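Report on the structure given below.
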Amino acid sequence: MSKQTLSFQAEVAQLLHLVTHSLYSNQEIFLRELISNASDACDKLRFEALNNNALYEDAPNLEVRVSFDKDAKTLTIQDNGIGMSAQEAIDHLGTIAKSGTKDFMGKLTGDQKADAQLIGQFGVGFYSGFIVADKITVESRRAGLKADEGVRWVSGGAGDFEVETITRPARGTSVILHLRDDASEYLNAWKLKQVIGKYSDHISLPILMEKEEWKEGEKEGEPGGMVKTGEWETVNKASALWTRPKKDITEEQYQEFYKAISHDYENPLTWAHNRVEGNTEYTQLLYIPAKAPFDLWNRDKKAGVKLYVKRVFIMDDAEALMPSYLRFVKGVIDSSDLPLNVSRELLQESRDVRSIREGSTKRVLSMLEDLAKHDKHTAGEGADGVTDVVDADDKAKEGKYTAFYAEFGAVLKEGLGEDFGNRERLAKLLRFASTTSDSVSVGFADYKARMKEGQEAIYYITADSLAAAKNSPQLEVFKKKGIEVLLMTDRVDEWALNYLHDFDGTPLQSVAKGAVDLGKLQDEAEKKAAEEAAEAFKPVLAKLKEALKDKAEDVRVTTRLVDSPACLVVQDDGMSTQLARMLKQAGQKAPETKPVLEVNAEHPLVKKLDGSVHFHDLAHILFDQALLAEGGLPEDPAAYVKRVNALLV
Ligand code: ADP
């Protein structure tokens, strides 16, 4: 193939622009990204060579070499991994194949700081080289191809790149960065070693640099300098981080490893590193991020756990290792028992994998429980009756659960429907706002501890927003009686709550479903008064039912209202009007059930109904207003306005 010039895919050009304009505040990450690519390339070779040993050619020792040339102002990262064919170089270095790319581009705001954060999460990989270079040359040959089937790829990082075939005896890839003037600090062995130590110490391959030694000037008065010796030395620890004993790993190393595997800029909230022994043996190093990724809600998003078998990298995003509701967890699982040639299909069926998945799920839940326990930690008597001492470690965990929940709480709730075995543990981890707390901090256990004498259910309401929930007419009697109600405003709440009928033996009861039965919370006098009011109201009720027979399943008198004339509820087993509305908005089919209209017989407006010449209009206004009050819209808004106006006039 002779030299040809090709254009970058539009997204790449856009990304490159961002890389050079937004990422310079954290220049040095380019080295981490390129070394990580080199290491991945070696992992891939090792994996392919499992079935084809010839791929090692005459260089069985996989390694990465970092070198620089002061005069030419170049920095080279060279690996003897899998390499690229000409077509692969065109495909991999000219396009972005990642899912969610469009989504990501759409999220960019133009605000440099916010964008830098997003780009970090997205992972710029190879293109980060352009943070420090104004030109990049890549020379590569894929393992197994002939020497004259190498490729040279060159780009200035604007709209296009050049490719041509070259002869390259060595397998693998060299990435040659032509450094910009403001990046000349990377032409220095000490600086490079420092950056490699910080970001790439955990890479399991040796990273080699050429040894230098001090040499005096040739003649009198001429300055001395460092010169290369031709001897190469390993400058990283070259053992995979998770294989080292915990006590030998610093907090900072754990954090850097997280950033390397997650592409996150921020430190993780917490992590757990364990060697699990038993039926199946494996090492787990699992992290909980501090911030949700931009594509958390992407249904296709895979779990962020990498699978290794006996330290050989097998695959990224091994979804079989984590349930979907924990898809935000990042980390590594290294199994001692799985076969090296395990495929995604095989993973789904393996008993070892099932047991790893169960163990890892439990580990994540324990991490969360620990954060939850220390969220608002103050010295005092714990639940176990023992006086706690707050140590520095506990202190560091303060507020972390609240932070976690704000980012991932809604995803965690999916677990109620997905993971029956851990439902009770999950229920304990849930937090909600309530009529006594605006912040999302009330757990079911807190609620239970505050329940009124005689209260037999945990009451909750679901709504589109906190304001709508708080002002819902269905809450009136609960407010009057000082009974706390949980306010649920996440889209998944209603769906998730379908799977949770009680907490610790106390039933959960939606205040917008079925008739209110406050049971022992109501005294005899109140019950009697309500019954009498209902009896007296019967003739009006019959007329209301008739007038609204197309809109309401039933009309009945309620004691749940205090200030409002009416509200809508659904039958006990029905779908709430709010969920039905959401489904419709999402273009999905919702069952066409009619709600029940409940009226407050004590309300002046309702009292006026009896004998009113406007009975028909008032009945419809009552119904439509109840719909408006919960955030819905009357079926025929114009008719509603007309009726109200007629009365106003
Ligand atoms: P990512 O690594 O996240 O896929 P990059 O932009 O860093 O994204 O790289 C794109 C692709 O280019 C890689 O997936 C890989 O196929 C190829 N690539 C990059 N660097 C190397 C390398 N040193 N050796 C072989 N292939 C490479």
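The values are calculated or read from the model by the stated rules, or taken from the named source; none is laboratory data. The structure displayed is predicted, hence computed values, not measured ones. No Cβ is skipped: glycine too gets one built from the backbone with ideal geometry, and neighbour counts run over all protein chains shown. These area figures cover heavy atoms from the full protein model, side chains too; ligands, DNA and RNA do not enter into them. Shrake-Rupley method; radii C 1.70, N 1.55, O 1.52, S 1.80 Å.
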Check off (1) open to solvent by less than 30 Å² (accessible area, probe 1.4 Å); (2) in a loop (DSSP other than H, G, I, E, B) for Tyr258 and give me the number that stays unchecked.
(2)
Which condition does Ser465 not pass, out of (1) more than 21 Å from Phe420 (Cα to Cα); (2) open to solvent by less than 20 Å² (accessible area, probe 1.4 Å), if it passes all the others?
(2)
Out of the residues in region 628-642 that are crowded, with 18+ Cβ neighbours inside 10 Å and out of contact with any Phe, Trp or Tyr (no Cβ under 9 Å at 6 or more places or on another chain), which is farthest from Ala512 (Cα to Cα)?
Tyr640
For region 544-649, which strands (runs of 3 or more DSSP E) that fit wholly inside it have 3 or more residues that are modelled with pLDDT of 85 or more and over 24 Å from Asn471 (Cβ atoms)?
none
Looking across region 125-159 at residues that are touching a Gly at 6+ places or on another chain (Cβ under 9 Å) and among the basic types (Lys, Arg), the single one that is farthest from the ligand (Cβ to nearest atom) is Lys135
Check region 162-173 and report whether any residue there is under 25 Å from Ile29 (Cβ atoms) and within 13 Å of the ligand (Cβ to nearest atom).
yes
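Mind counting the residues in region 518-543 that are not in a helix (DSSP H, G or I) and not aliphatic (A, V, I, L, M)? Outline the logic, then answer.
At the first step, the residues of region 518-543 found to be not in a helix (DSSP H, G or I) are 518, 522-523.
Next cut, not aliphatic (A, V, I, L, M) only: 522-523.
Here the count works out to 2.
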Do we find that Ile196 is modelled with pLDDT of 95 or more, of a type outside the set (Asp, Glu), open to solvent by less than 50 Å² (accessible area, probe 1.4 Å) and touching a strand residue (DSSP E or B) at 6+ places or on another chain (Cβ under 7 Å) in this structure?
no
Within the set of pairs 6 or more residues apart or between chains, which connect a residue that is free of Cβ contacts under 8 Å to residues at least 12 places away in the same chain and closer than 25 Å to Gly157 by Cβ inside region 167-178 to a residue that is among the acidic types (Asp, Glu) and more than 13 Å from the ligand (Cβ to nearest atom) with Cβ atoms less than 8 Å apart?
none
Provide a single number: the residues in region 177-203 that are over 27 Å from Ala86 (Cα atoms) and either within 16 Å of the ligand (Cβ to nearest atom) or hydrophobic (A, V, I, L, M, F, W, C) (or both).
10
What do you reckon, is Asn236 open to solvent by 30 Å² or more (accessible area, probe 1.4 Å) and either part of a loop (DSSP other than H, G, I, E, B) or among the aromatic types (Phe, Trp, Tyr) (or both)?
no
Restricting attention to region 172-193, which residues are of a type in the set (Ser, Thr, Tyr) and touching a strand residue (DSSP E or B) at 6+ places or on another chain (Cβ under 6 Å)?
Thr173, Ser174, Tyr186
Collect the residues in region 435-458 that are open to solvent by less than 30 Å² (accessible area, probe 1.4 Å), at pLDDT below 95 and hydroxyl-bearing (Ser, Thr, Tyr), keeping them in residue-number order.
Ser437
Identify all residues within region 142-165 that are buried (at least 23 other Cβ atoms within 10 Å of the Cβ) and closer than 28 Å to Gln14 by Cα; write none if there are none.
Val151, Trp153, Ser155, Val163
With respect to the numbered conditions (1) of a type in the set (Phe, Trp, Tyr); (2) under 30 Å from Asp115 (Cα atoms); (3) at pLDDT 85 or above, which one is the sole condition not fulfilled by Tyr265?
(3)
For region 166-180, enumerate the residues that are open to solvent by 10 Å² or more (accessible area, probe 1.4 Å), more than 13 Å from Phe130 (Cα to Cα) and either at pLDDT below 95 or not hydroxyl-bearing (Ser, Thr, Tyr) (or both).
Ile166, Arg168, Pro169, Ala170, Arg171
Can you name the residue in region 144-176 that is of a type outside the set (D, E, K, R) and in contact with a Phe, Trp or Tyr (Cβ under 8 Å, 6 or more places away or on another chain) and, of all such residues, is farthest from Met84 (Cα to Cα)?
Gly159
Helices (runs of 4 or more DSSP H) contained in region 385-432 and holding at least 1 residues modelled with pLDDT of 90 or more and either open to solvent by 70 Å² or more (accessible area, probe 1.4 Å) or among the aliphatic types (A, V, I, L, M) (or both)
400-418, 423-429
Is it fair to say Arg32 is more than 23 Å from Gly159 (Cβ to Cβ), in contact (Cβ under 8 Å) with a residue 40 or more places away in the chain and touching a Phe, Trp or Tyr at 6+ places or on another chain (Cβ under 7 Å)?
yes
